[in-house]
Every structure is written in C-alpha cells, then in structure tokens.
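Okay, so here's the structure we're looking at.
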Amino acid sequence: MAHRELDLRERRLLEDLLQAKMSVANIAARLSRHRSTIYREIQRNRFEDSELPQLSGYYGMLAQKRAAERRHRRRKLIRMTALREAVIDRLKAGWSPEQIAGRLRFEEHRSTICHETIYAFVYSQDGQRQDLARHLPERRRQRKPRYARRPRSLVFPLERAIQNRPEHINDRSGFGDWEGDLMIFRKELGKANVASLVERKTRYAVLFRNNDRSSKHLMNRLIALLSPLPLSARRSITFDRGLEFNRWRDLRTGMGTEAWFCDPQAPWQKGSVENLNKRARRYLPRDTAIAALSDHAMAEISAQLNATPRRCLGYRTPAEAFAEELRQLDQS
C-alpha cells in the first residue's frame, strides 16, 4: 500500500499526545500508524527556535503548512512547462541534477529549482513513465532518502583504514585477528548468503548461513558467534568496504572487537579470507540453494576445511593450530 501522509486532524492529535508525554509507540497505536511514520513526521516537521528554545516543539498547524509547501515544491516541474522542458532537455544531454540546478541559477532563469526536486521528479510516476532515470550519471532503481546518503569516507573513516592496522596483525605474529567477507550466490535463489571468517595466524575458518545482507543482522550474528571466545582470540576483524559491514561499530560496543577496512576495490588486501572463499566454493558453488542448508551442514563444511593440513602451518591443521593458541591463552 502506498505511503499516506498524516492529515491535519492526525497532526493536531499528535501535537496533543506529545504534550501529554505519551510514547511514540503508544501514539502510533492510537493513530493506527507505524511508529516509523510518527518518528519521521516529528523529525521533518518539528519547529526549532534557536533564540527561544523553550518554544521548540511539534505544532500540528505548522506541520500541516510545511507539508503543503513541500508538496507544492515537488509539483513545480508539473506546473511549469518551460522549466520542466529545460530540465528534461539537460537530463537527456547527460547533465546531473546538480549541474542543471546550478546552471539555471547562473543563467538567472525565471524559475529556479533545487537538485533534490529534480531527483524527486525523475523518480516520480511522471519521471518513470518517461524513463528519465536512465539519463542520470549514476542510475539507481529508486532514490535514496536525502539524509540516508552518507559518503563512504564517513561510514568507513580513515583511521580504520588498513594502512593504520597494527603491525602484529600485518605480520600475523599475533593471535585473534580475523578477516571477514560474504559469499554471494545466484540472485534467483534468494537473498541468503554465507558469511566467511578466518583467523589470520592459524587459518581457522568459520562459515555460517546469513539470511540477508542487512548489516545489523550480520553484526549480531558475528557477535553471538565470537563472544564465547576470550577477548584475546577476537581482537579485530578486517573487512572490505561493502555496505553490509557498515554497522562495524556494533562489534566494538557488543564484544570489544575492532574493525579494519581494505582500500576501495582492493579485496586482495584480505587475502586469507579470499583464499578461504575459493576453497569453500568446492562445497558451496554459486548455484547452491543456501537457504535450504542447515546450520549443521555449514558446521560440517567448516570442520572439513579446518581438518585439512596447511603447508603454511608446517602441515598442522587449522583446528590444531587454533586449539594450541587457545591453550596458551588459558595458561597465560
């Protein structure tokens, strides 16, 4: 069902319930709305007064006015034929919405517009009927919310880059430093994938089924899996910059494990887990129906990999090397 904005009656009632200190969950139930709708409404239409902060708050009539103004701006390209044609011509010429909006201001066009309004028009029903999105420099199936778009330099900050990783991780002299990745399978088989982990010093491998690519779900599974180990056995994990790892801070708060990240387009910098993935593909080819595999089956594949002697370990198995490191931790 399409999203329906709150009307004036609902906004006035929301104002009253907020003043009565009712929780958002209870307000949502009272209005028969999802709580995320209520959170979004408060965030978008809350009044802020920097000079008199005590006047800040949610006011139903003001919220209704702001919502109407936004609808009016969104329809600017529907109402103004000349402006719409100018925008469409420039889109077809390969200009980005930012370039179009900036050029219209530079030319002192009778009507100007912001680039966000152009994006909203492109992904609206009218824009989709004309297939305008195909003219964008970076086409997406749908437009991400403005405030949900974050540069990856903020998601994966410089201080977490692999160049700043401690030397004991780089030379494999320390124990408890892992690499992590996702093994992806054919799209028509669903969203399920396999998370792969390998401890850098002992090459000990862990594989588990992951039912989607949600970062929160993945990090919760990692925390549940590694938390039983001593902290010294789970000091860090190195990932690539896939957005499925953007909740990496949860590892630190959830179990004290640090995260490090490869450079963009440089998966070879986590070569241990890339090698593990290649060996695991013998058991898990890309046409595997992962959703049908049990946790027991995944554990058996991990055990098989960990029972194979490795030349880099002096032909010990990863399971033997990992157990020895744990014994040394118990004795220290």
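Read the figures in this text as sums done on the coordinates, not as results from a lab. Here the structure is a predicted model, which is why all the values come from computation and not from measurement. Because the Cβ atoms are built from the backbone with ideal geometry, glycine has one as well, and the counts that use them run over all protein chains shown.
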Find out how many positive minus negative residues lie around Arg203, taking Lys and Arg as positive, Asp and Glu as negative, among other residues whose Cβ is under 14 Å from that of Arg203.
+2
Please identify the trypsin sites (Lys or Arg not before Pro) of segment 179-264 that satisfy two criteria: DSSP loop assignment and at most 12 other Cβ atoms within 10 Å. Which are they?
Arg186
Compute the distance from the alpha-carbon center of segment 244-268 to that of segment 154-168, in whole Å.
9
Between segment 269-332 and segment 78-92, what's the alpha-carbon centroid distance in Å?
57
Qualifying GluC sites (Glu not before Pro) in segment 1-99, DSSP loop, other Cβ atoms within 10 Å at most 11:
Glu48, Glu51
Pull up the cross-link candidates among the aspartates and glutamates for Lys201, meaning alpha carbon to alpha carbon under 14 Å and not fewer than 8 places away within one chain.
Glu167, Asp171, Asp177, Glu179, Glu320, Glu324, Glu325
Per the 1/(1 + (r/R0)^6) rule, R0 = 30 Å and r from the Cβ atoms of Arg71 and His217, FRET efficiency to 0.05 is 0.25
The list [x] 24.4; [y] 18.8; [z] 16.0 gives values of mean projected area of the Cα convex hull in nm², and only one came from this structure; which label was calculated from it?
[x]
Under 21 Å between alpha carbons, and skipping anything fewer than 8 positions from Lys76 in its own chain: which lysines qualify?
Lys65, Lys92, Lys144
Cα gyration tensor shape for segment 8-72, rounded if a/c is under 1.5, else prolate or oblate
oblate
